[in-house]
Structures are given as structure tokens and as C-alpha cells.
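For reference, the structure is listed below as C-alpha cells.
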Amino acid sequence: MRRFLKIILIIRPHNVAAAVLCVSAGFVLASSTGDIPIALLTAVALVTAAGNVINDYYDLDIDSINKPRRAIPSGSVSASQARVIYIILLAAAAALLMLLDPVARVWIIAWIVTLHIYSAFLKRMYLSGNLAVSLVTGSGFLLGSYSGGSMAAGVFPSVCTALFVLGRELVKDCEDLDGDARCGARTVPAVSGRKPALRSAALIFLFLAVLFPAAGIVGLYNHIYTGLMFISVLPILVLSAIFSLRGKYHALSSLLLKLGMFFGILAFLFGSTG
């Protein structure tokens, strides 16, 4: 049972849920009448889970320092078992590809390739890994809105989500600086220092703290969106900006931003004015 729980943890269900919710929200924003494509959401879940597994596989040396309790460095799941889990998840996703239209099929394949390259190479390269994971996450809204019939409906949440994730990635890199630096990862804080990385993150958070609620105030989204943004995402962004400017509480800020992302996705999910 303990090993089974570790396998579940290596998949990171919260990340999988966030990806599925992004695509669902994009679909709902574009189409209030159509049925949410279950095959697409299942493929998104499988690919996201696979991306999390391969990320842990390649991050064994770094996680042994920064997060030794994770499944692979703790010994609960071996590297070879992680590869098997990864292959099974990709095989299941591949089986669903034939049920998708050609554009969605190519989109999912592009995610698979990007997430693998990210884990193997880009994550240790200056800013490249941050941008890759931000763009993949944000593009979930575009995939969902494309499936709903209007990709334009997903542009605003896609851009905002990509920026949100980019800011959080910079904070996470500061939190993980010790292991990253010792293992030769050229992350932004490892190359440029913590202060520039955190100041950049703070600027992103403050920009979004204005942009998110403004979209509701001008009527792009309904009162549910506006309320959720004001009571959850906005204070989290402001608090994270303060923490970043003071150079403190990286782990707490990262956790708050993770919660803020879920609240933000829910705001878009229930924010359609249609």
C-alpha cells in the first residue's frame, strides 16, 4: 500500500487536476452548450502524469538534495520502475489519440515531446525550462477553447496562466537553489542570483494582481470570476510579491501560489458571461 501511494505521488495528482481543469475551463469559456470531450481530458491527464514521472526520473540527483522524500530518491520507486510507469502512461495516452481530431492529436504529441525535452535538458538551462513549463501549462486553456469552437476565448487566461506559472517557477528555483547549484543546473537564481529572480517574480505577481481583477471589473467575466479573484488570487499574488521582494518564505509562497492557481482556474471555469 505504501509503495502504491508513492506511485500515486510521483504522478502528482494536483498537477494532473490543474491541467485537466485548465482544458475544461477553456472549453467552457468557448462553448456553454457542448459536452466536455472526455477522451481529450483523459489524454491530458495521462500526458501530464507522464511528464511528472519523467521529470522526477531526470531530477534524481537534484531531488536527492532538495526533496529526498520524493518517491525515487527515497527508494520507494526505483528509476527503472519510473521508466515503466512513464511508458505505460504514454501508451495509454497514445491509445486515445485516435479518438481526437488531428489538431488536438498534434497538440498532445507536442506536449509529450516538450515535457520530455524540458525534463532532460531545458530545466537546467537558464530561463528555458521556466518558459517551457509556463507555455505548456498556459496552452491548456487554448486547447480547451479550440475544442470548444473558439480559440480566442482562451487567449487571455492562457497568457495570464503562463505568466503566473513563470513567476511561481522563479520562486521555486530560489527554493531549490542549493540542489540546483550543486548539480550544475543553470537556473535564473543560480546564474543571476536570488534577488534578480525574486524581483522579476514580484513584478509578474503585481502585474497580474492588477490584470486579473480588472478583467472582471470591465465585464470580460462574470461576478463569480470577480469575487473569486478578489478573495483568493489577488491577496495571494500581493502576499507572494511581498515575500519575493523581502527574499523570504520561498516554500510558503510556492504553496500559496499553487493554491492561487487552482482558485484562478476555477474563476475562469465559472466566469463565462455567456
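The values are calculated or read from the model by the stated rules, or taken from the named source; none is laboratory data. Everything numeric here is computed off the predicted structure, so don't read it as measured data. A quick note on method: Cβ atoms are made from the backbone with ideal geometry, for glycine too, and the neighbour counts reach across all protein chains shown. Side chains included, ligands, DNA and RNA excluded: accessible areas come from the protein's heavy atoms. Shrake-Rupley method; radii C 1.70, N 1.55, O 1.52, S 1.80 Å.
Residues are listed down the side, and each one gets a yes or a no for (1) surrounded by 24 or more Cβ atoms within 10 Å (Cβ to Cβ); (2) under 15 Å from Ile265 (Cα atoms); (3) under 11 Å from the mean Cα position of the chain (by Cα):
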{"site": "Leu135", "(1), (2), (3)": "no, no, yes"}
{"site": "Gly138", "(1), (2), (3)": "no, yes, yes"}
{"site": "Leu143", "(1), (2), (3)": "yes, yes, no"}
{"site": "Tyr146", "(1), (2), (3)": "no, no, no"}
{"site": "Met151", "(1), (2), (3)": "no, no, no"}
{"site": "Pro157", "(1), (2), (3)": "yes, yes, no"}
{"site": "Leu166", "(1), (2), (3)": "no, no, yes"}
{"site": "Ala181", "(1), (2), (3)": "no, no, no"}
> Within the set of pairs 6+ apart or on separate chains, which have a first residue in the stretch 116-128 that is within 14 Å of Ile62 (Cα to Cα), a second that is among the β-branched types (Val, Ile, Thr) and open to solvent by less than 60 Å² (accessible area, probe 1.4 Å), and C-beta atoms under 7 Å apart?
Replying inline: Ser119/Ile54
> Which of the residues that make up the stretch 227-251 are closer than 14 Å to Phe268 by Cα and surrounded by 21 or more Cβ atoms within 10 Å (Cβ to Cβ)?
Replying inline: Leu228, Met229, Val233
>> Can you list residue pairs whose Cβ atoms sit under 7 Å apart, with the first residue in the stretch 169-186 being under 12 Å from Leu127 (Cβ atoms) and the second being charged (D, E, K, R) and open to solvent by less than 20 Å² (accessible area, probe 1.4 Å)? Count only pairs 6 or more apart in sequence or on different chains.
In response: Asp173/Asp180
> Residues of the stretch 9-40 being within 20 Å of Trp107 (Cα to Cα) and β-branched (Val, Ile, Thr), which ones?
Replying inline: Val16, Val20, Val23, Val28, Ile36, Ile38
>> It is to be established whether one or more residues within the stretch 190-208 are over 25 Å from Lys67 (Cα atoms), over 20 Å from the mean Cα position of the chain (by Cα) and among the hydroxyl-bearing types (Ser, Thr, Tyr).
In response: no
> Out of (1) in a helix (DSSP H, G or I); (2) over 25 Å from Ile87 (Cβ atoms); (3) among the hydrophobic types (A, V, I, L, M, F, W, C), the odd one out for Ile8 is which?
Replying inline: (2)
>> For the condition at pLDDT 95 or above, hydrophobic (A, V, I, L, M, F, W, C) and loosely packed, with under 14 Cβ neighbours inside 10 Å, what is the one hit in Ile108, Ile87?
In response: Ile87
>> What are the pairs with Cβ atoms under 6 angstrom where one residue, in the stretch 1-21, is modelled with pLDDT of 95 or more and the other, located anywhere, is surrounded by 13 or more Cβ atoms within 10 Å (Cβ to Cβ) and of a type in the set (A, V, I, L, M, F, W, C)? Sequence gap at least six, or different chains.
In response: Val16/Ala45; Val16/Ala49; Ala19/Val44; Val20/Leu41; Val20/Val44; Val20/Ala45; Leu21/Ile265
> Could we say that Thr48 is polar (S, T, N, Q) and open to solvent by 40 Å² or more (accessible area, probe 1.4 Å) here?
Replying inline: no
> Across the stretch 90-104, what is the number of residues that are β-branched (Val, Ile, Thr) and open to solvent by less than 40 Å² (accessible area, probe 1.4 Å)?
Replying inline: 0
>> Quick check on the stretch 233-274: of everything there that is charged (D, E, K, R) and without any contact (Cβ under 8 Å) to a residue 60 or more places away in the chain, which residue is farthest from Val171 (Cα to Cα)?
In response: Arg246
>> Suppose the filter is out of contact with any Asp or Glu (no Cβ under 9 Å at 6 or more places or on another chain), small (Gly, Ala, Ser) and open to solvent by less than 30 Å² (accessible area, probe 1.4 Å); does Ala202 pass it?
In response: yes
> Taking the condition open to solvent by less than 40 Å² (accessible area, probe 1.4 Å) and in contact with a Lys or Arg (Cβ under 9 Å, 6 or more places away or on another chain), does Ala18 pass?
Replying inline: yes
> of a type in the set (Asp, Glu) and open to solvent by 50 Å² or more (accessible area, probe 1.4 Å), is that true of Asp56?
Replying inline: no
